[in-house]
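Okay, structure first, notes after.
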Amino acid sequence: VQLVESGGGLVQAGGSLRLSCAASGSIFSAYNMGWYRQAPGMQRELVATITNGGITNYADSVKGRFTISRNNAKNTVYLEMSSLKTEDTAVYYCRLTVVLTGGDYWGQGTQVTVSS
């Protein structure tokens with residue numbers, strides 16, 4: 001399974017970005033997906049997750065500002081980010097977890113930089 005993120009970039013505080021993560025390869029069963037981020041010198045942290053059935057979960061720091069969604073037909077997960085803050089600056093990683101096997105896959109990351 002390969003995950004390819006896109007949509008990162010530089011944006012001013014208060015602005016918006018949309019991240020996409022497309023999965024390809026041998027995906028034959030249910031899977032959960034999520035977005036994580038890692039700022040310089042910090043540990044990787046959960047941003048948002050979405051189950052195979054569409055149940056979502058968000059970090060408190062992004063609730064009300066970020067929205068995770070998925071298109072199962074395209075094996076793609078999205079992260080709509082609005083009201084961005086400088087503290088949202090990080091490398092954002094996509095993650096796919098296969099429900100039955102526990103298989104765990106990560107994308108290469110995409111940089112999001114929010115300027116003041």
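The values are calculated or read from the model by the stated rules, or taken from the named source; none is laboratory data. Since the structure is predicted, the reported quantities are computational estimates derived from the model, not experimental observations. Heads up, the Cβs are rebuilt from the backbone with ideal geometry, glycines too, and the neighbour counts pull from every protein chain shown. Please note that ligands, DNA and RNA were not included when accessible areas were found on the heavy atoms of the full protein model with its side chains. Shrake-Rupley method; radii C 1.70, N 1.55, O 1.52, S 1.80 Å.
A compact table of results
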| read-out | value |
| --- | --- |
| Exclusive hit being open to solvent by 30 Å² or more (accessible area, probe 1.4 Å) and hydrophobic (A, V, I, L, M, F, W, C), set 1, 47, 62 | 1 |
| Pair list, Cβ under 8 Å, 6 or more apart: the range 1-22 residue over 17 Å from residue 103 (Cα atoms) and among the acidic types (Asp, Glu), other residue exposed (fewer than 14 other Cβ atoms within 10 Å of the Cβ) and modelled with pLDDT of 95 or more | 5/108 |
| Hits in the range 76-116 - residues which are of a type in the set (Gly, Ala, Ser) and open to solvent by less than 20 Å² (accessible area, probe 1.4 Å) | 90, 103, 107, 109 |
| Pairs, first more than 19 Å from residue 112 (Cβ to Cβ) in the range 68-84, second among the acidic types (Asp, Glu) and part of a strand (DSSP E or B), C-beta under 6 Å, six or more apart | none |
| Scope the range 37-58; condition in a strand (DSSP E or B) and farther than 17 Å from residue 76 by Cβ; matching residues | 37, 38, 45, 46, 57, 58 |
